[in-house]
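Asks: Just dropping this structure here.
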Amino acid sequence: GAGVSQSPRYKVAKRGQDVALRCDPISGHVSLFWYQQALGQGPEFLTYFQNEAQLDKSGLPSDRFFAERPEGSVSTLKIQRTQQEDSAVYLCASSPGQGNTIYFGEGSWLTVV
Amino acid sequence: QKEVEQNSGPLSVPEGAIASLNCTYSDRVSQSFFWYRQYSGKSPELIMSIYSNGDKEDGRFTAQLNRASQYISLLIRDSKLSDSATYLCVVNMIGGSYIPTFGRGTSLIVHP
């Protein structure tokens, strides 16, 4: 597609439930980023892929968070045993390469109740 | 100290005025800099990128980079009501990493 596509756009999860958020980057983009954005804050880095390699996962807040990009294209961010503090917008962005402009998807709004 | 600092605002300007948004960053070797605009409930969208010291103009927008002072600004001339949004400063190459690092954003309100 023409832009970064994320699904689901909105997800309500019960506390303790597992969720999976999908990102389909711009075709040909090597770099893929996941960010978490809380209300009133700027996006906070979670993890970075270059092709299928996860080069940086230093921003993942706990071992309940896991991300993969097995074929170097679509990526999935998985959150296990969700907690209320996981409620946020999860933004995926892709880029042609290091240092280039990054382009965002519309985000996945997660609410944990 | 956060690596990319912005005043959260809100910055309120009248329609037609110049809005000035500022940002400082912590790493002297940072290489590329971006301004994104984010409307409420939407994802960030790129306004401008700047890589060299000095000014870069694009329509009503001018980005300014001062590497010596580790300072970036965005000027919006002839502000319009539709410019009301949060403006995010983004810096690449902090601490040797190419991970784009965001400031918390400055809320701009353009009033009639």
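Asks: Once phi is turned into ³J(HN,Hα) by the Karplus curve 6.51 cos²θ - 1.76 cosθ + 1.60 with θ = phi - 60°, what whole-Hz value does each residue of the range B:13-26 show in order, with x for glycine and proline?
Replies: Each residue of the range B:13-26 in turn: 10, x, 4, x, 7, 9, 9, 10, 10, 10, 7, 10, 9, 8 Hz.
Asks: Then there's this: How big, in percent, is the set of alpha carbon pairs in chain B lying more than 22 Å apart?
Replies: 27 percent
Asks: Which entries of A:Lys11/A:Lys57; A:Lys14/B:Lys42; A:Lys14/B:Lys80; A:Lys11/B:Lys56 have Cα-Cα distances beyond 31 Å here?
Replies: Long pairs (Cα-Cα over 31 Å): A:Lys14/B:Lys80; A:Lys11/B:Lys56.
Asks: Using only protein heavy atoms and a 1.4 Å probe, report how much of A:Val74 is accessible, in Å² to the nearest 10.
Replies: Its accessible surface works out to 40 Å², give or take rounding.
Asks: Roughly how many debye, to the nearest 20, is the charge dipole of the protein assembly as shown about its Cα centre, given +1 on each Lys and Arg Cβ, -1 on each Asp and Glu Cβ, and no other charges?
Replies: The dipole magnitude comes to about 360 debye.
Asks: Using a Gaussian network model of chain B whose springs link C-alpha atoms within less than 10 Å, name the residue from B:Ser73, B:Ser32, B:Ser40 with the highest mean-square fluctuation.
Replies: B:Ser40
Asks: At q = 0.12, 0.18 Å⁻¹, work out log10 I(q)/I(0) for the protein assembly as shown with the Debye formula, treating every Cα as an identical point scatterer and leaving solvent out; two decimals please.
Replies: Treating every Cα as an identical point scatterer, log10 I(q)/I(0) equals -0.65, -1.32.
Asks: Let me ask another. Only bridges with both residues in chain A count here: give the DSSP antiparallel percent, nearest 5.
Replies: 90 percent
Asks: Let me ask something additional. So what are the ³J(HN,Hα) numbers for the range A:65-77, from phi and the Karplus equation (6.51, -1.76, 1.60; θ = phi - 60°), rounded to whole Hz, Gly and Pro as x?
Replies: Whole-Hz 3J(HN,Hα) from phi for the range A:65-77: 9, 9, 10, 8, 8, x, 10, x, 10, 5, 10, 10, 9.
Asks: Hey, in the GNM for chain B with a 10 angstrom Cα cutoff, which one of B:Val13, B:Val29, B:Val91 fluctuates hardest?
Replies: The residue that fluctuates most here is B:Val29.
Asks: Among the GluC sites (Glu not before Pro) within the range A:37-69, which fall in a DSSP loop and have no more than 14 other Cβ atoms within 10 Å of their own Cβ?
Replies: Loop-located and lightly packed - A:Glu52.
Asks: Could you tell me which residue out of A:Gln41, A:Gly99, A:Ser31 lies farthest along the dipole of chain A toward its positive end? Charges go on the beta carbon: Lys and Arg +1, Asp and Glu -1, centred on the Cα centre.
Replies: The residue sitting farthest along the positive end of the dipole is A:Gln41.
Asks: Just to confirm my numbers, what's the Cα centroid distance between the range A:1-24 and the range A:27-66 in Å?
Replies: Spelled out, the Cα-based centre of one part sits 14 Å from the other.
Asks: For chain A, what does the convex hull of the Cα positions come to per residue, in cubic angstrom?
Replies: Spelled out: Cα convex hull of chain A, divided by residues, is 93 Å³.
Asks: Could you sort A:Glu85, B:Glu3, A:Glu71 by their accessible area in this structure, using a 1.4 Å probe and putting the largest first?
Replies: A:Glu71, A:Glu85, B:Glu3
Asks: Okay, next question. Which is the longest run of chain B containing none of the trypsin sites (Lys or Arg not before Pro) found in DSSP loop states (not H, G, I, E, B) with at most 15 other C-beta atoms within 10 Å?
Replies: Looking at chain B, B:81-112 is the longest stretch - no exposed trypsin sites (Lys or Arg not before Pro) with at most 15 other Cβ atoms within 10 Å.
Asks: Antiparallel DSSP bridges in the range B:4-111: what percent, to the nearest 5?
Replies: 90 percent
Asks: Evaluate peptide B:97-109: per residue, the Cβ atoms of other protein chains within 10 Å of its Cβ; return the mean as an integer.
Replies: 5
Asks: Taking 22 Å as R0, compute the FRET efficiency from the Cβ-Cβ separation of A:Val74 and B:Tyr39 and round it to 0.05.
Replies: 0.25
Asks: Right, here's the next one. Considering the options A:Leu60, A:Pro70, A:Val19, tell which one lies farthest towards the positive end of the dipole of chain A, charges being +1 on Lys and Arg and -1 on Asp and Glu at the Cβ, about the Cα centre.
Replies: Selected residue: A:Val19.
Asks: Sticking with this one: Accessible area, 1.4 Å probe, largest first: how do A:Phe104, B:Phe33 sort?
Replies: A:Phe104, B:Phe33
Asks: Same structure, new question: Averaged over peptide A:87-95, how many Cβ atoms belonging to another chain are found within 10 Å of each residue's Cβ?
Replies: Shielding by partners across A:87-95 averages 1.
The values are calculated or read from the model by the stated rules, or taken from the named source; none is laboratory data. Nothing here was measured: the structure is a model prediction, and the numbers come from that model. Positions of Cβ are generated from backbone atoms using ideal geometry, with glycine treated the same way; all protein chains shown enter the neighbour counts. Remember, those area values only see protein heavy atoms, side chains included, never the ligands or the DNA or RNA. Shrake-Rupley method; radii C 1.70, N 1.55, O 1.52, S 1.80 Å.
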